[in-house]
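Working notes, beginning with the structure itself.
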Amino acid sequence: MNDKYAPNEIEAAARQYWQSRDAYRVSEDQSKPKFYACSMLPYPSGKLHMGHVRNYTINDMLTRQLRMKGYNVLMPMGWDAFGLPAENAAMKGKVPPAQWTYSNIAYMKSQMQAMGLAIDWSREIATCQPEYYKWNQWLFLKMLEKGIAERRTQVVNWDPVDQTVLANEQVIDGRGWRSGALVEKREIPGYYLKITDYAEELLSAVSNPEDKNYLSGWPERVRLMQENWIGKSQGLRFAFPHDIKGADGALIQDGKLYVFTTRADTIMGVSFCAVAPEHPLAAHAAAGNAELAAFIEECKQGGTTEAELATQEKKGMPTGLVVTHPLTGAQVPVWIGNYVLMSYGDGAVMGVPAHDERDFAFANKYGIEIKQVVAVEGQSFSTTAWADWYGDKTQGVCVNSGVLDGLGHKQAVDKVAELLGAKGLGEKKTTWRLRDWGVSRQRYWGTPIPIIHCEEHGAVPVPEDALPVVLPEECIPDGSGNPLAKHEHFLNVPCPVCGKPSRRETDTMDTFVDSSWYFMRYCDAQNPDAMVGAGTEYWMRPGAAMDQYIGGIEHAILHLLYARFWTKVMRDLGLVKIDEPFTKLLTQGMVLNHIYSRRSDKGGIEYFWPHEVENVFDEKSGKIIGAKLKSDGSAIDYEGVGTMSKSKNNGVDPQELINQYGADTARLFVMFASPPEQTLEWNDAGVEGAHRFLKRVWGFAAKHAEVLKAAGSDFAALSEEGKALRREVHLVLKQVSYDYERMQYNTVVSGAMKLLNALEGFKDVGPQAAAVREGVSVLLRVLYPACPHISHTLWQDLGFAAELGDLLDAPWPQVDEGALVQDQIELMLQVNGKLRGSLKVPAQADKAAIEAAALAHEKFAEFSEGKPAKKVIIVPGRLVNLVV
């Protein structure tokens, strides 16, 4: 073997070895316990980033170690290939999104292969391929049949210049990201999936530990995020009566403005009601008020989601209309609020400024009355500064509330429900924050919705035998609307019912559809006849669905929620037998790096690569307080650490790292630098340190190769030093095996480093070669899941493969409990509390034997000055203190 570590040469040879044997292909093997480990599939953006490297290395370590333990492990990979970025790139490069996407897939796949990932590529899928999205369309049609999917109107962002619908993130300051045109809100038809029908079941599995499907293997914060997003609220829906009539002379909404509240105990504190800009009362008020009409138009340029409205400035205008308080009969003014969504509840809210922080700020801004109706003993109330207890329904009792005075929250809510129920104006109700999933997207690069529009028969489903509806891949978006609307061959088709000329639906499906079941398709990736089959019954069977899912926390809500919903729909349609798709979930931390910048005279900002700068440190704390350019010494700003980003010049190209140091170094660093679930701060010195460690591993093996190959496994003749080495090896192995079980891979790498230190520190390699050979075999197996290339090569070169088989399926080393038993122990020797040396005694020595050995020690004679010991203090397993 070579004396020097040559990673590129070693890694290329190892990958060729695995490829020639198709080493990672797995099948359904009933003779082994199965384990399905899956990373969230990437978007083919062009290049892997360090977050990908970390995610997939975590999965790879899990896969390789479990395979050594005898499991049949599936680690698949695919591409979340549809979506808006491909359209943007197509417009910029004037190439079809398909061309850009497939080119990126090819390059990113080569990068994954260069990382040495144990992926079964025979199961590879790309969601933009007809063989895949055919089943999106097929299941969509099944949902239509079952009433889970339906067509209805939706409010969208419309760019009047580009003539297209914009995603919320494409609306910047109320204008289209590309055209700069003021965005309009339009109500257009689209398809919805009734995820709300599954709300209770979706909630129970994340909130109720007694539920048989409770997701105990998920991080608590992810369960909480899902629970909050589903948002079950129990409260009161009631009406404010009014006599406001429309142009037709009839009472608008039958003379009742309905609201929903979880704080009915504060009903006596209502000082205004706010309605959404699209509410019928808003439209009525604006009919003769140009200023109000203009405000409504301004509101329509804002966000369309609750999350967006939560962060934007709260604005409002009075309508001049009033409604009647249902209990006091007082007249309550009606406002239009830009923070009220028509799609949530009844599109109206009651305003209680004293006990709702948003209403409090709104009332202070517009001079609306703030009336305290809940008090906490010993606490004072202010109308100018918000205190958290004002809105806490767990504290206080009602005041200034007539018949409610003195009642706590629950009692007051019950009383209000009783009073309003008697008037026929309200009742208790459970509401959900969760809304049905709108899957229609007015975009080209996505799964075509399999509907044909006929003048006579309306929206007609495409027959199953005509699936897939194939998306033409030659289109190049130009920003002037959906290219499918101009594609005559795609657009013009006969009606499946009557055969008359009709038009295809040009909307495509939300890309969350693609990622909601891909993990099922991996199990039957090449099955042309069914969405899922025997593979899914094996890999995702009841009681043993996907064993481990790995991905970023940014997907903790929508992707996971939609995937859970999609699984339940497939279950109800008889396709699968599981209730939840992901048994355990790991959300890996982000990869961070330092950010350096400087603002120009005109206010622009320029970012600099970390290698271009020299840090300036605080003399006392040693912390970075600034930086300067290496090129000219000019000062620049240090912004701290943040997520790696191309736009901020703080990313690290994995390919460059692999080219310079090898894939094993990149893998080792991202595993060692931080526990998997925590953020990882990039450190060039740490990368170099990982590389030096692998050079040491190679150097030790090369130095002792011949001795190790000739060594046997007879431990009977080992010296005390040899036994001590074995004990250290098996102690580390015991800890590392435990760390593998809990996926704490940073301490696994620490264990490998301890093993190498112990081996390098052992000087008697020749006569004690059996212990060293065993130590090396343990080291290589411990290191292998993190650094497969170097471990595989040394395993072969040192002859372990001939004895134990290929490292990929070599047995995981077992702890020899006998090796952990010590014949002798070493105790620290103190004289009058000062350390003077050490002594070795038999491990089973009793107190008298230890005392006798200490008194006979030469160091006691030297430091006691001939005086006898007055007292002997023994701390078992640690020390002996002789007091004279």
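Assuming charge only on the beta carbon of Lys and Arg (+1) and of Asp and Glu (-1), the dipole of the range 824-883 about its Cα centre is about 200 debye to the nearest 20.
Backbone phi angles across the range 208-219, fed through the Karplus curve with coefficients 6.51, -1.76 and 1.60 (θ = phi - 60°), yield HN-Hα couplings of 10, x, 7, 5, 5, 9, 4, 8, 5, x, 9, x Hz in residue order; Gly and Pro are listed as x.
Each Cα pair under 8 Å and six or more residues apart adds its sequence gap; the mean of these over the residue count of the range 232-432 is a relative contact order of 28 percent.
Residue exposure proxy: R151, R667, R221, ordered by other Cβ atoms within 10 angstrom of their Cβ from fewest to most, comes out as R221, R151, R667.
Against the chain, whose longest principal axis is taken from its Cα atoms, helix 788-797 shows a tilt of about 30°. In the chain, the longest principal axis of the Cα atoms and the axis of helix 220-230 are about 10 degrees apart. For the range 646-742, applying the loop criterion from DSSP together with a ceiling of 15 other beta carbons within 10 Å to the GluC sites (Glu not before Pro) yields E677.
The separation of the range 395-448 from the range 613-683, counted between C-alpha centres, amounts to 49 Å. Evaluate the relative contact order of the range 669-820 (contact order divided by residue number), counting alpha-carbon pairs under 8 angstrom at least 6 apart; express in whole percent. Reported relative contact order: 31 percent.
Amide H contacts under 5 Å for A330: H325, restricted to partners 5 or more places along the chain or on a different chain, H placed in the peptide plane at 1.01 Å from N.
The Cα center of the range 773-831 and the Cα center of the range 130-185 differ in position by 56 Å.
As a proxy for reagent exposure, ranking C495, C523 by other Cβ atoms within 10 Å from fewest up yields C495, C523. When the chain is described by a simple charge dipole with +1 on each Lys and Arg Cβ and -1 on each Asp and Glu Cβ, the residue from T747, W229, V349 located farthest towards its positive end is T747.
The helix-only estimate of mean residue ellipticity at 222 nm for the chain, built from DSSP H runs of length n ≥ 4 each weighted as -39500 (n - 2.57), is -10500 deg cm²/dmol after division by the residue total. Once the Cα-Cα distance is subtracted from the 0.36 nm per residue extended length, the E357 to V875 segment shows a gain of 180.4 nm. Under the convention that each Lys and Arg Cβ holds +1 and each Asp and Glu Cβ holds -1, the size of the dipole of the chain around its Cα centre is about 1220 debye.
Under 5 Å from the amide H of K371 lie the amide H atoms of A354, each residue being 5 or more positions distant or on a separate chain, with H modelled from the backbone and absent for Pro and chain starts.
Using θ = phi - 60° in the Karplus curve 6.51 cos²θ - 1.76 cosθ + 1.60, the 3J(HN,Hα) couplings for the range 681-688 round to 8, 5, 8, 4, 5, x, 5, 5 Hz; x is entered for Gly and Pro.
Think of the chain as a dipole: +1 on every Lys or Arg Cβ, -1 on every Asp or Glu Cβ, centred on the Cα centre; then among T583, V493, L84, T583 lies furthest on the positive end.
Close amide-amide hydrogen proximity is noted between E681 and L592, each under 5 Å apart and 5 or more residues distant or on a separate chain (H modeled in the peptide plane; Pro and chain starts excluded). For the range 684-783, the list of trypsin sites (Lys or Arg not before Pro) that fall in a loop by DSSP and count at most 12 other C-beta atoms within 10 angstrom reads R742, K763. Quick check: Cα centre of the range 327-356 to Cα centre of the range 550-588, how many Å? If you average the Cα positions of each part, the centres end up 37 Å apart.
Enter the angle in degrees (range 0 to 90, nearest 10) between the Cα long axis of helix 130-146 and the first principal axis of the Cα atoms of the chain, meaning the one along which they spread out most. Rounded to the nearest ten degrees, it is 50. Here the Karplus curve 6.51 cos²θ - 1.76 cosθ + 1.60, taken at θ = phi - 60°, turns the phi angles of the range 256-264 into couplings of 9, 9, 8, 9, 10, 8, 8, 10, 4 Hz, with x standing for Gly and Pro. Annotation for the range 819-884: trypsin sites (Lys or Arg not before Pro) lying in DSSP loop with at most 14 further Cβ atoms inside 10 Å of their Cβ are K870, R878. In a fully extended conformation the segment linking E456 and K146 would gain 109.3 nm over its present Cα-Cα distance, using 0.36 nm per residue.
Every number in this text was worked out from the coordinates using simple rules, so none of it is lab data. Since the model is a prediction, treat every value here as computed from it, not as a measurement. Cβ atoms come from the backbone with ideal geometry, glycine included; neighbour counts cover every protein chain shown.
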